[in-house]
Amino acid sequence: MEKITIAIDGYSSTGKSTVAKQLAKALGYLYVDSGAMYRAITLFALRNECKENNSINKEKLIALLQEVSLEFKYNEQKGYGEIYLNNENVEGEIRNMEVSELVSKVSAIPEVREKLVAIQKDLGHSKGVVMDGRDIGTVVFPDAELKVFMTASPATRAARRYKELLEKGEEVTYSEILKNVEERDYIDSHREISPLRRAEDAVPFDNSDMGLLEQFERIHNFATQIIDKKKNAQ
Ligand code: DC
């Protein structure tokens, strides 16, 4: 079957990874969570004492970057690849608040982006990939056949994230999460390199009032239409 590249970008906690995983499963494609890669480098930075006064010591982290190896290994039970930092599964640890609070600063460092974009391009070189992130449709795969740009109000997104973290047993408050969502929106869309923005040819998709099934069906429909068109053009 004709394979395409699917780029799902958008603000944090808009449900990008949920729909990207569903799509990859339905189409038999590879799913890549690019945010997990930025989070894993942030965890590495924390472990290597690159955090100083609530900020990041860029020079120290850049000097250590060559020691970072990232890999996705497929988890049969979960049905997607989990992220490994230097051969250690860090999927659980990268979602905590400490990482969330620093990740936008780490992902604004050009050397970090350069390293990760190269790995991402490589993962998608033979198409048949669904990747979610912030710059997938603009920088990583500017030629992706399907680009979706997901949005939802900050309050909706904070409520989703709050529920998720409570279920995991993290002690957090809603206002702390809302603040983190708004801060990350600001930093992600105002950084100098590869800021979060909708690619001109990306479909805007606001899911504030949409259930998961409807969201999946709509985006899956976009994908199958493109795949069918490609097939018929052959
Ligand atoms: O999708 P996420 O919330 O797990 O992403 C974590 C952070 O990583 C996010 O605040 C911005 C950054 N990121 C990025 O800069 N570029 C990407 N392609 C993916 C994530």
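The values are calculated or read from the model by the stated rules, or taken from the named source; none is laboratory data. Just so it is clear, the structure is predicted and the values come from calculations on it, not from any experiment. Note that each Cβ is placed from the backbone with ideal geometry, even for glycine, and that neighbours are counted across all protein chains shown. The accessibility values were calculated without ligands, DNA or RNA, using every heavy atom of the protein model including side chains. Shrake-Rupley method; radii C 1.70, N 1.55, O 1.52, S 1.80 Å.
Criterion applied to 40, 63 was being hydrophobic (A, V, I, L, M, F, W, C) and either under 30 Å from residue 203 (Cβ atoms) or within 15 Å of the chain's Cα centre (by Cα) (or both), and the one residue passing it is 40. Residues that are assigned to a loop (DSSP other than H, G, I, E, B) and more than 20 Å from residue 207 (Cα to Cα) were ranked within segment 148-179; the one that is least open to solvent (accessible area, probe 1.4 Å) is 172. Could you tell me whether segment 32-46 includes any residue that is open to solvent by 60 Å² or more (accessible area, probe 1.4 Å) and within 30 Å of residue 213 (Cβ to Cβ)? No, segment 32-46 contains no residue that is open to solvent by 60 Å² or more (accessible area, probe 1.4 Å) and within 30 Å of residue 213 (Cβ to Cβ).
Which condition breaks for residue 114 when tested against (1) surrounded by fewer than 19 Cβ atoms within 10 Å (Cβ to Cβ); (2) of a type outside the set (Gly, Ala, Ser); (3) touching a residue at least 12 places away in the same chain (Cβ under 8 Å); (4) within 13 Å of the ligand (Cβ to nearest atom)? Status for residue 114: all satisfied but (3). Taking the conditions (1) within 13 Å of the ligand (Cβ to nearest atom); (2) surrounded by fewer than 16 Cβ atoms within 10 Å (Cβ to Cβ) in turn, residue 134 satisfies each one other than (2). Looking across segment 17-74, the residues that are modelled with pLDDT of 95 or more and within 11 Å of the ligand (Cβ to nearest atom) come down to 20, 32, 33, 34, 35, 36, 37, 38, 39, 40, 41, 42. A search for C-beta distances below 7 Å between a residue of segment 50-64 that is in contact (Cβ under 8 Å) with a residue 60 or more places away in the chain and any residue that is assigned to a loop (DSSP other than H, G, I, E, B) and open to solvent by less than 70 Å² (accessible area, probe 1.4 Å), counting only pairs 6+ apart in sequence or on different chains, returns nothing. Go through the residues of segment 3-11 one by one and say whether even a single one is closer than 15 Å to residue 103 by Cβ, in contact (Cβ under 8 Å) with a residue 40 or more places away in the chain and either among the aliphatic types (A, V, I, L, M) or surrounded by fewer than 24 Cβ atoms within 10 Å (Cβ to Cβ) (or both). Yes. Residue 145 meets the stated requirement of being open to solvent by 40 Å² or more (accessible area, probe 1.4 Å), under 25 Å from residue 135 (Cα atoms) and out of contact with any Asp or Glu (no Cβ under 8 Å at 6 or more places or on another chain).
Restricting to segment 130-144, name every residue that is part of a loop (DSSP other than H, G, I, E, B) and either within 18 Å of residue 2 (Cα to Cα) or among the small types (Gly, Ala, Ser) (or both). Scanning segment 130-144 gives 141, 143, 144. Checking each residue in segment 67-79 for being within 22 Å of the chain's Cα centre (by Cα) and open to solvent by 60 Å² or more (accessible area, probe 1.4 Å) picks out 71, 73, 74, 76, 77, 78.
Residue 98 falls short of the stated requirement of being out of contact with any helix residue (DSSP H, G or I) (no Cβ under 7 Å at 6 or more places or on another chain), more than 10 Å from the ligand (Cβ to nearest atom) and more than 25 Å from residue 202 (Cα to Cα). Go through segment 192-205 and report how many residues are open to solvent by 20 Å² or more (accessible area, probe 1.4 Å) and either touching a helix residue (DSSP H, G or I) at 6+ places or on another chain (Cβ under 6 Å) or in contact (Cβ under 8 Å) with a residue 12 or more places away in the chain (or both). Looking only at that region, the number is 9.
For segment 122-129, does any single residue satisfy the condition of being among the small types (Gly, Ala, Ser), open to solvent by 20 Å² or more (accessible area, probe 1.4 Å), within 26 Å of residue 52 (Cα to Cα) and not in a helix (DSSP H, G or I)? Scanning segment 122-129 turns up no residue that is among the small types (Gly, Ala, Ser), open to solvent by 20 Å² or more (accessible area, probe 1.4 Å), within 26 Å of residue 52 (Cα to Cα) and not in a helix (DSSP H, G or I).
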